[in-house]
Amino acid sequence: QVSSINNANIPYLVNGAAYYSQNDDRWARTKYGDNFIGNNGCGPVTAAMFLSSILGKEVTPKETIDFAKKNNYFVKGGGTSEKFFKAVANEYGTDVYKFKNKQLLKPSLQAGYPVILSGKGGAPFTKDGHIVLATGLDKSGNVLINDPLNPNRNGAYKFKDVKKRTKMMWRVFDESTG
């Protein structure tokens, strides 16, 4: 059972959690669907941040990208399938559950759970849709975001804006809190 971020063996931390960029030279030009990871790989890269953070060991985007490609989780025109997050978590011996109830976001972050967020319509997302990792809350109640697209976009975002623009969320499954 994992109830908080475990960053003991993670090489690069931002906002207390693992951070990877989809534009890292090691995988940015890796083909993913009809484009490249640097352009549409936010799903697998965010999954690597999430898994590294909850498992306390490095899970690289190369690993999650390879898993996504091998199992056909790219959706043309839509990036990464929602089913990818549960499948890749299971591959690494953990589980996640998907939820849309935005009332669960703040308690999840307050309990120390990183949350994968999918949304669109403005920061911290993009106009057309993007996936980021929410790592917690700052002292003012803003959501701390690790953004795989660009490290300059990492930081605190107003809770109301994040909540409004989020369409789907995934969190580590924990039987004690559901």
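The values are calculated or read from the model by the stated rules, or taken from the named source; none is laboratory data. Quick caveat, the model's predicted, so the values are computed rather than measured. All Cβ positions, even for glycine, are placed from backbone atoms using ideal geometry, and neighbour counts span all protein chains on display. Surface accessibility is based on the protein's heavy atoms, side chains included, excluding ligands, DNA and RNA. Shrake-Rupley method; radii C 1.70, N 1.55, O 1.52, S 1.80 Å.
Subtracting the Cα-Cα distance from 0.36 nm times the residue separation, let me have the gained length for ASP138 to LYS98 in nm, one decimal.
Roughly 12.0 nm would be gained on extension.
Treat every Asp and Glu Cβ in the stretch 1-117 as -1 and every Lys and Arg Cβ as +1, leave all other atoms uncharged, and give the resulting dipole magnitude about the Cα centre to the nearest 20 debye.
320 debye
On average, how much accessible surface per residue is there in the chain, in Å², for a 1.4 Å probe, leaving out ligands, DNA and RNA?
Accessible area per residue: 47 Å².
Among the aspartates and glutamates, select those whose C-alpha is under 12 Å from the C-alpha of LYS86, and discard any that sit fewer than 8 residues away in the same chain.
List returned: ASP95.
Ignoring ligands, DNA and RNA, how do ARG29, ARG171, ARG165 rank by accessible area with a 1.4 Å probe, largest first?
ARG29, ARG165, ARG171
Which of GLY121, TYR73, ALA89 sits closest to the plus end of the dipole of the stretch 37-165, meaning its Cα is farthest towards the positive end, when Lys and Arg get +1 and Asp and Glu get -1 on the C-beta?
Checked the options; the winner is GLY121.
What size of dipole, in debye to the nearest 20, comes out for the stretch 54-178 about its Cα centre when the only charges are +1 on Lys and Arg C-beta atoms and -1 on Asp and Glu C-beta atoms?
Computed about the Cα centre, the dipole is about 640 debye.
For the stretch 91-138, run through the trypsin sites (Lys or Arg not before Pro) and keep only the ones in DSSP coil with at most 12 other Cβ atoms within 10 Å of their Cβ.
Passing sites in the stretch 91-138 are LYS100, LYS127.
What percentages, rounded to whole numbers, describe P(r) for the stretch 31-80 computed over all alpha carbon pairs with 5 Å bin width beginning at zero?
5, 25, 32, 21, 11, 5, 1
Give me the Debye-computed log₁₀ of I(q)/I(0) at q = 0.10 Å⁻¹ for the stretch 37-170, equal point scatterers on Cα only, no solvent, two decimals.
The Debye formula, applied to the Cα set alone, gives -0.28.
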